[in-house]
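This report concerns only the one structure given below.
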Amino acid sequence: MATRKIDTETTMMFYERGIHIPSRTLSLIGDITRDSAENIIKGIHLLTGISADPITIILNSEGGEVNQGLAIMDMMQRQSVHITVEVYGEACSMAAVILQAADTRRMAPTSRLMVHVGSESYDDHASIVKRWVKYNAKEDKICSDKLLDRIREKHPDFSRNKLNKLLEFDTILNAEETVELGLADEVIST
């Protein structure tokens, strides 16, 4: 297969959006926002359009917007290509849930994972707030179901009550603890 040269301006455009075409790597670094979700979703679409080779997503995030994280998760799960997520630094809150959508989940030796029940703030009419609280409870269930499904792959008898206890407050795990719980597959070898 012949390789085409890409000019510097084009290379920088992709680099700034966290896309490295030659290595089929995407970066999700920082807060999960509409912009970062857009970059990951477009990046997955671009790379799967080029070939069916595996994709790697580099993740270092303390979390962010649940709906944007769910959009990333949905996009990852509908792909037929193998997607590996490698955590460098941290995968906290919504980023920990995104990690669970990967085919292969890898943690750097010094990385951490944090899970909890997310928080929302509302400033609106009481009737509207009630509707959003009800809707956000559905999103929380989607996230906790994903965590529970992955934990049960390794610990089939793990109960929802036990997960709810973990999520009640911030539960912070190092790489080895994350693998032991079943929220990652392996620690990246040094």
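Ranked for footprinting exposure by Cβ neighbours inside 10 Å, fewest first, F169, F158 give F169, F158. Cβ crowding within 10 Å ranks S144, S36 as S144, S36, fewest other Cβ atoms first. Positive contributions from Lys and Arg (+1) and negative ones from Asp and Glu (-1), summed over other residues with Cβ under 11 Å from the Cβ of E186, come out at -1. Residue by residue, the stretch 45-62 carries 3J(HN,Hα) couplings of 4, 4, 5, 6, x, 7, 6, 9, 5, x, 10, 10, 10, 8, 10, 8, 8, 8 Hz when phi is fed to the Karplus relation 6.51 cos²θ - 1.76 cosθ + 1.60 (θ = phi - 60°); x denotes Gly or Pro. Here the sum of -39500 (n - 2.57) over DSSP H runs of 4 or more residues, divided by the residues of the chain, equals -15000 deg cm²/dmol at 222 nm, to the nearest 500.
Full extension of the chain between V117 and D31 yields a length gain of 29.3 nm, computed as 0.36 nm times the residue separation minus the alpha carbon distance. The ranking of K146, K154 by Cβ neighbour count inside 10 Å, starting from the fewest, reads K154, K146. Take every DSSP beta bridge whose two residues both sit in the chain, then give the antiparallel share in percent to the nearest 5. Counting DSSP beta bridges with both partners in the chain, the antiparallel share is about 20 percent.
Relative contact order, whole percent, for the chain stands at 18, derived from Cα pairs under 8 Å and 6 or more residues apart.
Inter-label distance, R131 to E180: 4.7 nm, where each label sits 7 Å from its Cα along the C-beta direction. Between the stretch 145-190 and the stretch 33-55, what's the alpha-carbon centroid distance in Å? Taking the Cα centre of the stretch 33-55 as reference, the centre of the stretch 145-190 is 26 Å away. Which shape class, rounded, prolate or oblate, goes with the stretch 46-91 when its Cα gyration tensor gives a ≥ b ≥ c as root eigenvalues, a/c under 1.5 marks rounded, and past that a/b bigger than b/c marks prolate? Oblate is the answer for the stretch 46-91, as a/c is 1.5 or above yet b/c matches or exceeds a/b. Pull out a ≥ b ≥ c, the square roots of the eigenvalues of the alpha-carbon gyration tensor of the chain, then state rounded if a/c is under 1.5, prolate if not and a/b is larger than b/c, and oblate in the remaining case. Oblate. Classification of the stretch 104-190 by its C-alpha gyration tensor yields a prolate form. The axis ratio a/c (a ≥ b ≥ c) is 1.5 or more, and a/b outweighs b/c. Across the stretch 169-186, coupling constants 3J(HN,Hα) worked out from phi with the 6.51/-1.76/1.60 Karplus curve, θ = phi - 60°, read 10, 4, 10, 10, 10, 7, 4, 5, 5, 5, 5, 4, 6, x, 9, 8, 8, 6 Hz, and Gly and Pro carry x.
Straight-distance candidates among the lysines for linking to K162, with alpha-carbon spacing under 27 Å and chain neighbours fewer than 8 residues away dropped: K134, K138, K141, K146, K154.
Any read-out appearing in this document is the output of simple, stated calculations on the displayed coordinates, not a laboratory observation. Being a predicted model, the structure only gives us computed values, none of them experimental. Here the Cβ is made from the backbone with ideal geometry for all residues, glycine too, and neighbour counts use every protein chain on show.
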